[in-house]
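This report concerns only the one structure given below.
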Amino acid sequence: MVVAYLRAGRHVPEAKPLTVRYAAGFTVAAVIWPASLAVDPPQRYAMWAVAMVIDLATPLLSRGHQSRLPPQSEHLPERFGLFVVIVLGEVVAAVVTGLKGHDVTPSVLLVALAGVAIAMAFWWLYFDHVDESVVLRTKLAGQVWVYSHLPLSLGLVAFGIGIEHAITHPSGASWAVGVPAALVFAVLGLQHLCSADRRAGAVRLAAAVLTLASSALPVAAALPLVLLYGAAQVGYDLLRPSPEGTP
């Protein structure tokens, strides 16, 4: 990436102020990653954290120069969307892993089906919003949308792990399922708010609060509620008029 940015700055002079900053920030981070091998944990993990912060902060600290060279954004929804599909597949894989070698009783089967159905709701809510005209509706929306994929992916992966745990221990509490689901709803709500779609953002944030509150219930009671919150949001998206500026 550093070489590519330096090359771009050489051949596109107006891009040089931006590419120099990108190259400098990513070079510093790239040096820290292998340097961390020289120390033992937990110091190594601290160096990883520093390198990651530099990687994430470099584009944010270069926003002034980004506005002069708007990025080609058509490929962003496709690339991030493919990654989200892979992460959602981990939820299905977690269900299969949880069922493997486990007695498939009606209660266990309902937990598994609810987990897959909630993942399908996540899929709908994400891809209904991935259209480029929504993602880049405001200057802030693009970067919020990109950076929010980190907590979004963490929430999806943790939800899959929680479903696997719920299949194995269906009588336990549902924090492992409800908290990640609430995180996913909250991130999707934040994306909508930054895209100037306040109603959809408020609906998703309300669902996140309800999901978090439902996490105190047993799995058998919480999962149907989380599924209901997800289905209600899908229904809202199907029935509401398209936000201004979208096809």
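The values are calculated or read from the model by the stated rules, or taken from the named source; none is laboratory data. Predicted model only: the values in this text are computed from it and were never measured. Don't worry about glycine lacking a Cβ; one is built from the backbone with ideal geometry, like all the others, and counts go over all protein chains shown. Protein only, heavy atoms only, side chains kept; ligands, DNA and RNA dropped before computing areas. Shrake-Rupley method; radii C 1.70, N 1.55, O 1.52, S 1.80 Å.
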**OP:** Starting with the highest mean, order 187-198, 220-231 by the number of other Cβ atoms within 10 Å, averaged over the residues of each peptide.
**Re:** 187-198, 220-231
Subject >> Sum of -39500 (n - 2.57) over DSSP H runs of 4+, divided by residues of the chain (222 nm, nearest 500) >> reply: -25500 deg cm²/dmol
Subject >> Integer Hz, Karplus 6.51/-1.76/1.60 couplings in order for region 108-118, x for Gly and Pro >> reply: 5, 5, 5, 4, 5, 5, 5, x, 5, 5, 5
Original post:
Which whole number of Å³ per residue matches the convex hull of the alpha-carbon atoms in the chain?
Top reply: 146 Å³
Original post:
Can you run phi through the Karplus equation (6.51, -1.76, 1.60; θ = phi - 60°) for region 79-89 and list ³J(HN,Hα) in whole Hz, with x for Gly and Pro?
Top reply: 5, 5, x, 4, 5, 5, 4, 4, 5, 4, x
Original post:
Want the number for D40 to A220: 0.36 nm per residue separation, take away the alpha-carbon distance, what's left?
Top reply: 60.4 nm
Original post:
If you bin every alpha carbon distance in region 5-90 into 5 Å steps from zero, what whole percent lands in each bin?
Top reply: 3, 13, 15, 15, 17, 17, 12, 6, 2
**OP:** Please report the relative contact order for the chain, taking Cα pairs under 8 Å with a sequence separation of at least 6, and give it as a percent rounded to a whole number.
**Re:** 17 percent
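In whole percent, how big is the carbon plus sulfur part of the accessible area of the chain, probe 1.4 Å, protein atoms only?
Reported share for carbon and sulfur atoms: 71 percent.
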**OP:** Could you do me a favour and compute the accessible area per residue for the chain, 1.4 Å probe, result in Å²?
**Re:** 54 Å²
